[in-house]
1. Please specify each residue of segment 119-152 satisfying the condition of being closer than 24 Å to Pro204 by Cα and in contact with a strand residue (DSSP E or B) (Cβ under 6 Å, 6 or more places away or on another chain).
2. I'd like to verify a number: residues in segment 55-101 that are at positive phi and either part of a helix (DSSP H, G or I) or in contact (Cβ under 8 Å) with a residue 40 or more places away in the chain (or both), how many?
3. Looking at (1) open to solvent by 40 Å² or more (accessible area, probe 1.4 Å); (2) of a type outside the set (Phe, Trp, Tyr); (3) more than 28 Å from Arg196 (Cβ to Cβ); (4) touching a strand residue (DSSP E or B) at 6+ places or on another chain (Cβ under 8 Å), can you tell me which one Pro86 breaks?
4. Filter segment 21-63 down to residues that are of a type in the set (Gly, Ala, Ser), farther than 22 Å from Gly124 by Cα and open to solvent by 60 Å² or more (accessible area, probe 1.4 Å), then give me how many there are.
5. Answer yes if at least one residue in segment 115-134 is more than 19 Å from Ala192 (Cα to Cα) and in a helix (DSSP H, G or I), and no otherwise.
6. Restricting to segment 133-177, what's the tally of residues that are hydroxyl-bearing (Ser, Thr, Tyr), within 16 Å of Val33 (Cβ to Cβ) and either open to solvent by 70 Å² or more (accessible area, probe 1.4 Å) or without any contact (Cβ under 8 Å) to a residue 60 or more places away in the chain (or both)?
7. Working carefully through the options Leu89, Leu81, Leu29, find the one that is modelled with pLDDT under 95 and within 20 Å of Thr158 (Cα to Cα).
Amino acid sequence: MSESTANLSCLVLNCTLKPSPAGSSSELLGSQVLSAFAALGVRGAMERVVDHDVRFGVSADEGHGDAWPALRQQVLDADILVLVTPIWLGQPSSVAKMVLERLDAELSETDDEGRLLTFGKVAGVGVVGNEDGAHHVSAELFQALADVGFTVPAQAATYWVGEAMQAVDYKDVSPTPDTTAGTTQVLARHAAHLARLLRTAPYPAGD
């Protein structure tokens, strides 16, 4: 653990369609992401979004028992947010898209100096699936996360894509492919590095 990363934190939002305790390839990849951060001294946690009663909408709180405000607070408390999603029909999961829609509300939330509350926070992405599309899914998520104020470091996506039209899932692959393990390490190193830099040199306030 280094002094530069000792106080950083990471939140992984697992956007699988499967509620706990069902097995989830996204859960596995998210756990590996957290392990990579932990090796750098970054503490972390993961939430499976479907285990919470998150309502559809684009506000910070949709009321009526909406569970998003509690998850949102975890997002705001973390230095790094990683969205992990399966690929369905070549797209991010509907859960991932719902998370992005809820994050849209951050465009209206600012600090005392007019900066978005997400400014200074770093975003990464994890993708698993049995068809091509990891780059497309990452591009969709990165664009949306950048739009709502997160900063994306270099090579901040890790993924595994199985053979097309086959039934093997990432959670069934052993050992973890070196290429995926390597990109997970890069994601963690670059995200932690950028989060440290943004903490010491935050974005300037607007006029």
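1. Residues of segment 119-152 closer than 24 Å to Pro204 by Cα: 119-124, 142-152.
If the condition is that a residue be closer than 24 Å to Pro204 by Cα and in contact with a strand residue (DSSP E or B) (Cβ under 6 Å, 6 or more places away or on another chain), then Val122, Ala123, Gly124, Leu145, Gly149, Phe150, Thr151, Val152 are the ones that fit.
2. The total comes to 2.
3. If we test Pro86 against (1) open to solvent by 40 Å² or more (accessible area, probe 1.4 Å); (2) of a type outside the set (Phe, Trp, Tyr); (3) more than 28 Å from Arg196 (Cβ to Cβ); (4) touching a strand residue (DSSP E or B) at 6+ places or on another chain (Cβ under 8 Å), just (1) comes out false.
4. Quick first cut of segment 21-63, residues of a type in the set (Gly, Ala, Ser) only: 22-26, 30-31, 35-36, 38-39, 41, 44-45, 57, 59-60, 63.
Subsequent filtering for residues that are farther than 22 Å from Gly124 by Cα retains 22-23, 57, 59, 63.
Pick out the ones that are also open to solvent by 60 Å² or more (accessible area, probe 1.4 Å) and you get none.
Qualifying residue count, segment 21-63: 0.
5. yes
6. Of the residues in segment 133-177, the ones hydroxyl-bearing (Ser, Thr, Tyr) are 138, 151, 158-159, 170, 174, 176.
From the residues that got through so far, the ones that are within 16 Å of Val33 (Cβ to Cβ) too are 138, 158-159, 170, 176.
Checking which are either open to solvent by 70 Å² or more (accessible area, probe 1.4 Å) or without any contact (Cβ under 8 Å) to a residue 60 or more places away in the chain (or both) leaves us with 138, 159.
Matching residues across segment 133-177 total 2.
7. Every option except Leu89 fails the conditions.
The values are calculated or read from the model by the stated rules, or taken from the named source; none is laboratory data. What you see is a predicted model, and the numbers here were worked out from it, not measured in a lab. Counting neighbours? That spans all protein chains shown, and the Cβs are built from the backbone with ideal geometry, glycine included. Note: accessible area is taken over every heavy atom of the protein model, side chains too, but ligands, DNA and RNA are not part of it. Shrake-Rupley method; radii C 1.70, N 1.55, O 1.52, S 1.80 Å.
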